[in-house]
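The values are calculated or read from the model by the stated rules, or taken from the named source; none is laboratory data. Source: prediction; values computed, not measured. No Cβ is skipped: glycine too gets one built from the backbone with ideal geometry, and neighbour counts run over all protein chains shown.
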Amino acid sequence: MQTLFGPPPESKPGLLDRFKKAMKSTRETLVTRVENLVQGKKEIDASVLEELEEILLGADVGMTTTQEVLDAVRLRVSRGQMSNSEDLKEVIKAELQRILESTENREISTANPPVVILVVGVNGTGKTTTIGKLAHLLSSQNKKVLLCAGDTFRAAAAEQLGIWGERTGCEVIHQKPGADPSAVLFDALTAAKSRNYDYVIADTAGRLHTKVNLMAELEKLRRTSDRVIPGSPHEVLLVMDATTGQNGLQQARLFTERSGVTGIVLTKLDGTAKGGVVLAIARELKLPIRYAGIGEQKDDLVAFDANRFIESLFS
């Protein structure tokens, strides 16, 4: 079966270690503080719960997720099932994993390639760089990848994507600046079908959810894709910058409602102490995180895995 995600993360050596390195700051903000919180305490009382709430919110876990964790802790305390920091960590770990796994789904597939991936997002989130890294990841799995320079608005976008095409050995379909993005996508999809490509990854212009005409353009891109390759795009990935934390969440929520987003790519996860935003995204957007950016090199985009993420925090 042709999958969108390649081999399962378990088959990739060193993934847990790479997540651990990326999550070092978040681990110190969250887990280390939880350990210190109950050190020397004889019981989990109201003051501990209050401080725990501050810790979770400080790691950008989000209000909804924080309350779910606190409810789970209170339940265990009421049953006399919690007496030390390890008990507390296990409850938090179990709740966070439950939330992530509720949205994680790696079974989306398509019987006939090419798989069409539309990449969307606001300006400055690292969209084009993410496309280049994703092309590298898929190419390393011996997939034939075609890049579509659908951002015809930003002057240097096609040039930047072209550089990534050279780095990854992927062909790039583009037109002159200001061209109709749907026309570029049409050309790319037609070429992909005739040349037996496995994937088409299409860049799009960065836009805010409040720009009605640009959001309508995304809808046109989706219609064009479906017309050339019925059932596509198979994936609409929203690129989010992890360092924006909760500030980007409302914007992302409105964006997903307008553009048919099916999954999240979270960039710069290694550059924040508030990696708990992963939980907020999963819980509040109810969308799976497909990939995570954990560094600046071309191979620092990895298929997201809930187990590896949680273990990187708690192991």
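Here are some notes:
- Test: Val172 is at pLDDT 95 or above, crowded, with 23+ Cβ neighbours inside 10 Å and touching a strand residue (DSSP E or B) at 6+ places or on another chain (Cβ under 9 Å): no
- Lone qualifier among Gln246, Gln250, Gln297 - being surrounded by fewer than 24 Cβ atoms within 10 Å (Cβ to Cβ), in contact with a Gly (Cβ under 9 Å, 6 or more places away or on another chain) and not hydroxyl-bearing (Ser, Thr, Tyr): Gln246
- Selection of the stretch 250-277 for residues being more than 19 Å from Val119 (Cβ to Cβ) and in contact (Cβ under 8 Å) with a residue 24 or more places away in the chain yields Asp270, Gly271, Thr272, Ala273, Lys274, Gly275, Gly276, Val277.
- Test for Lys133: is it under 22 Å from the mean Cα position of the chain (by Cα) and within 26 Å of Phe255 (Cα to Cα): yes
- Matching option when the condition is at pLDDT 90 or above, in a helix (DSSP H, G or I) and of a type in the set (D, E, K, R), among Arg258, Arg283, Arg222, Arg253: Arg222
- From the options Leu100, Leu88, Leu96, Leu147, residue that is at pLDDT 90 or above and either touching a strand residue (DSSP E or B) at 6+ places or on another chain (Cβ under 6 Å) or of a type outside the set (D, E, K, R) (or both): Leu147
So that you can scan it fast, the table gives a plain yes or no per residue for (1) part of a helix (DSSP H, G or I); (2) more than 25 Å from Leu137 (Cα to Cα):
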position	(1), (2)
Phe153	no, yes
Ala158	yes, no
Leu161	yes, no
Glu166	yes, no
Gln175	no, yes
Ala188	yes, no
Ala192	yes, no
Tyr197	no, no
Ile201	no, no
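- Filter result for Ala292 (within 13 Å of the chain's Cα centre (by Cα), in contact (Cβ under 8 Å) with a residue 12 or more places away in the chain and in a helix (DSSP H, G or I)): no
- When Val184 is tested against (1) at pLDDT 95 or above; (2) assigned to a loop (DSSP other than H, G, I, E, B); (3) out of contact with any Leu (no Cβ under 6 Å at 6 or more places or on another chain), exactly one condition is not met: (2).
- For the stretch 261-280, filtered to residues that are assigned to a strand (DSSP E or B) and of a type outside the set (A, V, I, L, M, F, W, C), the residue that is nearest to Lys220 (Cα to Cα) is Gly263.
- Thr210 surrounded by fewer than 23 Cβ atoms within 10 Å (Cβ to Cβ) and modelled with pLDDT under 85: yes
- Residues of the stretch 225-236 that turn out to be part of a loop (DSSP other than H, G, I, E, B), of a type outside the set (Gly, Ala, Ser) and touching a residue at least 12 places away in the same chain (Cβ under 8 Å), as a count: 3
- Residue in the stretch 271-280 that is at pLDDT below 85, crowded, with 19+ Cβ neighbours inside 10 Å and polar (S, T, N, Q) present: yes
- Checking Lys143 against (1) more than 14 Å from Ile117 (Cβ to Cβ); (2) basic (Lys, Arg); (3) in contact (Cβ under 8 Å) with a residue 60 or more places away in the chain, the condition it does not meet: (1)
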